[in-house]
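Step one of this worksheet: look at the structure below.
Every number here is computed from the coordinates shown, using simple stated rules; none is lab data. On a predicted model such as this, the values are computed, not experimentally measured, just so you know. Reconstructed Cβ throughout: ideal geometry from the backbone, glycine too, with neighbour counts over all protein chains shown.
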Amino acid sequence: MIPELGHFALVLALLLALGQSWFGLLGAARGRVAWMRAAETSVAGQWWLLLLSFAALVWSFVRFDFSVAYVANTSNSLLPLFYRIAAAWGGHEGSLLLWALILASWSAAIVFFSRQMPLPFRSRVLGILGLVSVGFILFLLSTSNPFDRLMPAAPEGRDLNPLLQDFALAVHPPTLYLGYVGLAVPFAFACATLLEGRQEVDWARWARPWTLVAWLCLTVGITLGSWWAYYELGWGGYWFWDPVENASFMPWLMATALVHSLAVTEKRGLFRSWTLLLAVSAFSLSLLGTFLVRSGVLVSVHAFATDPSRGLFILGFLVAVIGGALTLYAWRAPALQAPGGFAPTSREAFLLFNNALLVAAAGLILVGTLYPLFMDALGLGKISVGPPYFGIAFLVPMVPLLLLMVFGMHAAWKYSRLGTAKRPLLMLLPLALLAAVGLILAGYDHFSLAAFAGFGVALWLMGSSLVAPWQRRDRWRSLPAGFWGMTLAHFGVGLFTLGVTGVESYRIERDLSLAPGESATLMGYAFRFDGTREVQGPNYAAVEGSFTVTREGQPVTVLTSQKRLYASGGNPMTEAGIHVSPRRDLFVALGEDLGAGKWSMRLQYKPLIRYVWLGALLMALGGLLATADRRYRVQLRQEEGQPA
Amino acid sequence: MTPRQKRIWMVVGIVGGVGLAATLALQAFQDNLMYFQSPTQVLEQPIAGERSFRLGGLVEPGSVTREPGNLEVRFRITDNVEAIEVSYAGLLPDLFREGQGVIVRGKLGADGLFVAEEVLAKHDENYMPPEVAESLRMPPLIKQVEAGGA
Amino acid sequence: MMRKLLFVLPGIAFILLAAFLVQGLFLDPSRIPSPLIGAPAPQFALPDLADSSRQVSNRDWTGSPYLVNVWGTWCAGCREEHEVLLDIARDSDLPILGINWKDQRELALRWLAELGNPYSAVGADLEGRVAIDWGVYGAPETFLVGADGRVLWKHIGPLTLEAWRVDFLPRLAGQGS
């Protein structure tokens, strides 16, 4: 009964989503207040229904209802409660339901928090979001119904993929979806602006906090995914330029550009049509990512359930949403006039470069991701683009971006003026380079030009981001949260750069064959293999290898790595052993029994890798701070004071 | 300079910069294109020894061998028509198994031995890399049957 | 005019991209439609693998739906799908007819003894004549034949539970038996 209830709630939610778009768009067009109010009521109703539907799915998981096909496919009776709940979004159908719920939550949040926007504009935004929601729920009902019954019921489930039985991965998809779907909000703002032919730029101010929140969720989601891949896949890599990763990274780059370009549009009224295009593109790329992942057109290690009918549906949806938005853009955007100009080294100019470089990076990654598909479509053979391409395609626009960032943070609006920041910035450069040399000499065994340049830029950037707060140290309390957000985020970029440079320049990976008692040495760390033993877990059995790590005779740690076999069957899984310190990670992964008493294993030394994630989290935290800026809150309060 | 001139210069700067970036990236692109071949294609039109490519197929059942205690492993990758001997010194992925679809990246030696730098196995139980699925559709040859009986 | 054109450009770029994506979607090799689908299943009569004095014919099975699976011990893909066939044989009462293609009898029998036998009957197609009638161009391939003797579906490559669930079960449900 409960699954049918969920299914029914989903159907009702579809009707309300239709109502939301109909009343929202037509109500605004005809100026009927009652219709526009009805759109808001539909949003609330839709949210409750989707929540009910999702709860019904979670309930089916909690109660081991293997008569539901999706439950039988992604869980089994040995799965602990936490992972049974997480399994609700561990497969295609459930994760899509979560998408729909998150989208409805964003709509509901707009109804609650954006009361300062004029009613017709808000109504149009909700109408557009309603259209997107209609598409998603239709997709769910027509090709991916999570409540489909299995007749007869399965006696036992097939289990959640063991790779997904992990905390970070249980949290990673919802965060990522919050970001993906969150980009629908600036998209809807852009469409509403175009629909109204709005000449004012107040929409940029309204859209900024929403964009920031979506962007920071995306940042956290990607970071969690990278962290998960690092310790769970057993390879010790943090980024693989896999199509699925690219699918999340391209919208991130566009959203980053959008966050910056919105600032220009809000403060100076410039880049209007460009900002609108970015808002449309960011969400388009997030939909395109969904298509690539769910339709199976690209070879990827992240194989989601793949099915051409699903692909066809998403593609149709993609064409309707993006095609519609771009047509609207071509029709309305040329009428937008930009007032005034700006000097070549003003903040506007720096942000223009920022946008150009970020978009170029996204474009190059898009080309690399889709190129195999183009070649295949043209019958030119099966080709893949190697990760080194992506490395270079990303690095080439990023280096100038980092250098421009050092100055851009301090540039003034409209005029070419760095003011009092110029001297400290130039003085910081030799200091940063000196520190980079020191870092290399103190920590590593050889000098590398790339590492020197990377460390230098990273340290310069970190220093530069602290110049402004230092100069304003006597009035810290009065500085707006937006300022602190920017400072923190840019410092995070520096820290991220430091981490990436460290890992990429000085990481060591060795695959070895050792017998118990034998040792190997990496960067002064001696790893002694102490042998293996059998271990029994809650739903798996494992062989555990243990390693004693010493440095110059002093014990550092004892690491264990397991090779697990889950009770539900399937393939073995490796759990790596990792020792963390601010300077480096030590990483061991147990391989297999090679015979003659020896085992294969992978030992790794990963310098500064923690700063990759820490830097990314600081960026997200910066975004959070900026969202809390008083400017956005004051509006809310003013509005609360007014009669509704 | 008038503001108009400045703007023109800025546009020139951006277009030039992005163009340069694109050129560099495309250069890298050319160098990193990797072809995918099935064992039959390898024997028909081998890719020159210094260039890496990806070879895909099934791990032939019974072909995985190694000297006890040695990291290096040998196995044959087959598309049910031809098979290529592969050598790999390193950790095999968890999902590597006889009879399963895999893709290996590496170079073909003059002696016909493929030296792999990386072995990729499918991530999911139900997933076969599409290239491998396609290469498996080759019709079997009579000699294959004879080999099976030998 | 030129300025307006600039704003149309993103739309045009997107249309091009979408065209490629549509094409990419239909590249999946296992989706090549077989001319046999919807046509009456070719009749065959082959010597029984276990006892060559007897004959296995699909004529004996008409009137109810059945599966025809083409396999051989030389075929690694067949090994991969074998467990799926065993699952199907265990969980449903659908008969599975095996066509042992260009194989050797002893090897095939040993394969079935060691791995389990999902088949209701296996015919030995040593020369591959029947396989040609059925349009087989690689093993494994699996056909679903309806109660009216028409081919309902053809699966190319190793059978998976996913394919079984998505492609076979719904078509079987339409058979009403």
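Using the beta-carbon distance between B:I8 and B:E50 and R0 = 56 Å, what value does 1/(1 + (r/R0)^6) give for FRET efficiency, to the nearest 0.05? Efficiency at R0 = 56 Å is approximately 0.75. Take each residue of peptide C:103-109, count the partner chain Cβ atoms within 10 Å of its Cβ, and average: the result is 2. Per-residue 3J(HN,Hα) values for segment A:472-486, derived from phi via the Karplus relation 6.51 cos²θ - 1.76 cosθ + 1.60 with θ = phi - 60°, read 9, 5, 7, 9, 4, 5, 8, 6, x, 4, x, 5, 5, x, 4 Hz in sequence order (x marks Gly and Pro). Helix C:2-25 and the longest principal axis of the Cα set of chain C meet at an angle near 0°.
Sorting A:T574, A:T74, A:T223 by the number of Cβ atoms found within 10 Å of their own Cβ, with the fewest placed first, yields A:T574, A:T223, A:T74. A crude spin-label estimate for the pair A:R417 and C:A45, with each label 7 Å from Cα along the Cβ direction, gives 10.1 nm. The ranking of C:S64, A:S107 by Cβ neighbour count inside 10 Å, starting from the fewest, reads C:S64, A:S107.
Which FRET efficiency value, to the nearest 0.05, do you get for A:D445 and A:D593 by plugging their Cβ-Cβ distance into 1/(1 + (r/R0)^6) with R0 = 35 Å? Plugging the Cβ-Cβ distance into 1/(1 + (r/R0)^6) gives 0.60.
Considering Cα pairs under 8 angstrom that are at least six residues apart, work out the relative contact order of segment A:504-596 and quote it in whole percent. For segment A:504-596, the relative contact order is 17 percent. Cβ crowding within 10 Å, taken as a proxy for footprinting-reagent exposure, orders A:L336, C:L107 from fewest neighbours to most as C:L107, A:L336. With distances taken between every two different alpha-carbon atoms, chain C has a Kirkwood hydrodynamic radius of 17.9 Å. Each of C:R165 and C:R3 was given a label point 7 Å from its Cα along the Cα-to-Cβ line. The distance between the two points is 5.6 nm. A Cβ-based charge dipole, computed about the Cα centre of the protein assembly as shown with Lys and Arg at +1 and Asp and Glu at -1, lands at about 5580 debye.
Here the contact order of chain A, divided by its residue count and restricted to Cα pairs under 8 Å and six or more residues apart, works out to 11 percent. Using the Karplus relation 6.51 cos²θ - 1.76 cosθ + 1.60 with θ = phi - 60°, the per-residue 3J(HN,Hα) values for segment A:176-181 come to 4, 5, 3, x, 3, 6 Hz, with x marking Gly and Pro. Treating r as the C-beta distance of A:L5 and B:N70 and R0 as 56 Å, the FRET efficiency rounds to 0.40. Placing unit charges on each Cβ (+1 for Lys and Arg, -1 for Asp and Glu) gives chain C a dipole about its Cα centre, and among C:Y119, C:V151, C:G11 the Cα reaching farthest toward its positive end belongs to C:G11.
Multiplying each eigenvalue of the alpha-carbon gyration tensor of the protein assembly as shown by 5 and taking the square root yields semi-axes of 50, 37, 26 Å, largest first, rounded to whole angstroms. Label-to-label distance for B:L113 and C:L126 is 4.0 nm, based on points extended 7 Å past Cα in the beta-carbon direction.
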